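Okay, handing you the structure first.
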Amino acid sequence: PQAHGYTDSRGILSARRAVAQRYQAMGLTEVGVDDIFLGNGVSELISMAVQALLEDGDEVLIPAPDFPLWTAVTTLAGGKAVHYICDEESDWNPDL
C-alpha cells in the first residue's frame with residue numbers, strides 16, 4: 001500500500017462519483033463528478049462556499065439570532081455581515 005498523505009480537497013473520488021450518479025439517476029444529468037465537493041461537515045463547506053463567492057466589501061444578509069460561524073466566515077472572507085432580526089413573537093419570520 002502507498003500513503004499519499006492527503007485526499008483530493010474536493011473529496012474522495014469514489015464518493016464524489018457515487019453522489020454524481022445518485023443525482024443523475026434523479027434526472028439531474030448535468031451534474032458531474034467535478035461539480036461535487038465533499039467535506040468533513042457543513043461548517044467546512046459553508047466556509048469554502050463563502051470564500052469562493054464573496055468579494056471584498058460584499059454584504060451578506062444573516063438572520064439574528066444566527067450560528068456564529070456565518071458571521072465569522074463572512075468577515076474572514078472580506079465581507080460585511082448585515083444582520084436582520086428573526087424573533088419568536090414573529091414566529092421566527094423576518095420583518096420585511
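Taken together, the values in this text are just the output of simple stated rules run on the coordinates, not laboratory data. Computed from a predicted model, the values in this text were never measured in an experiment. Cβ coordinates were reconstructed from backbone atoms using ideal geometry, including for glycine residues, and neighbour counts include every protein chain displayed.
Just the residues that are part of a loop (DSSP other than H, G, I, E, B) and under 21 Å from Pro94 (Cβ atoms), please, taken from the range 55-78.
Asp58, Pro65, Asp66, Phe67
Given the conditions (1) surrounded by fewer than 11 Cβ atoms within 10 Å (Cβ to Cβ); (2) touching a Gly at 6+ places or on another chain (Cβ under 6 Å), which single one is not true for Leu38?
(1)
Might you check whether a residue that is in contact with a Lys or Arg (Cβ under 9 Å, 6 or more places away or on another chain), within 30 Å of Tyr6 (Cα to Cα) and of a type in the set (Ser, Thr, Tyr) occurs anywhere in the range 74-91?
There is at least one residue in the range 74-91 that is in contact with a Lys or Arg (Cβ under 9 Å, 6 or more places away or on another chain), within 30 Å of Tyr6 (Cα to Cα) and of a type in the set (Ser, Thr, Tyr).
Quick check: anything in the range 25-42 within 28 Å of Asp91 (Cα to Cα) and in a helix (DSSP H, G or I)?
yes
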